[in-house]
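Chemist: Sharing a structure below in structure tokens format, with a few things to ask.
Nothing in this text is a laboratory measurement; each read-out follows from the coordinates by a stated rule. Since this is a predicted model, take the numbers as computed values, not measurements. Backbone-built Cβ (ideal geometry, glycine too); neighbour counts: all protein chains shown.
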């Protein structure tokens with residue numbers, strides 16, 4: 001009987017020490033915007049513009065133009081819904097830009113969070129290279145499928 005209890009106790013001890021990797025929760029730390037201002041190693045070192053056509057459920061594409069303002073850490077997104085009959089199919093969104101890092105993998109990519117001043121759900125993007133910005137889903141994950149969710153950096157006229 002003692003051996004059975006000892007075996008049960010060892011079994012419980014060993015199984016309680018294992019890690020269940022299926023339930024990993026990733027949290028993100030928002031980088032203090034004030035700390036970025038004036039920092040030569042900041043993630044955004046100059047005003048940037050990105051342009052491209054994102055997929056649309058009920059039109060032929062959303063012509064998207066994103067501009068960052070590094071001085072105020074704000075953004076403007078202009079969206080033009082191609083193929084819509086409504087002349088008001090162009091929308092401009094302004095808001096605050098926040099940057100987030102994965103707390104588990106701090107060397108991972110920086111997530112750009114666009115929080116509109118109207119309080120709507122934020123949009124998430126990640127830089128995939130020096131010249132591309134990719135839209136993420138609401139879970140901050142890459143959007144699966146064959147559709148293109150990438151915007152390309154364009155030069156700002158001097």
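Chemist: Which value, in Å to one decimal place, does the Kirkwood hydrodynamic radius take for the range 47-125 when every pair of different Cα atoms is included?
Modeler: Details: mean 1/r = 0.0721 Å⁻¹.
The answer is 13.9 Å.
Chemist: Quick check: the distance between the Cα centres of the range 58-87 and the range 97-158, to the nearest angstrom?
Modeler: 14
Chemist: Using a 10 Å cut-off on Cβ atoms, rank the peptides 65-77, 134-146 from the highest mean neighbour count down. Don't jump to the answer; show the numbers that get you there.
Modeler: Numbers: 65-77: 16.6, 134-146: 12.2.
The packing order, highest mean first, is 65-77, 134-146.
Chemist: Next up: Need one word for the range 110-158: rounded, prolate or oblate. Basis is the Cα gyration tensor (sqrt eigenvalues a ≥ b ≥ c); a/c below 1.5 gives rounded, then a/b vs b/c decides.
Modeler: Since a/c reaches 1.5 but b/c is at least a/b, the shape of the range 110-158 is classed as oblate.
Chemist: Work out, step by step, the length gained on full extension between residue 76 and residue 57: first 0.36 nm times the residue separation, then minus their alpha carbon distance; give nm to one decimal. Each step should come with its number before you reach the end.
Modeler: On the way: separation 19, 0.36 × 19 = 6.84 nm, distance 2.25 nm.
Result for the pair: 4.6 nm of gain on full extension.
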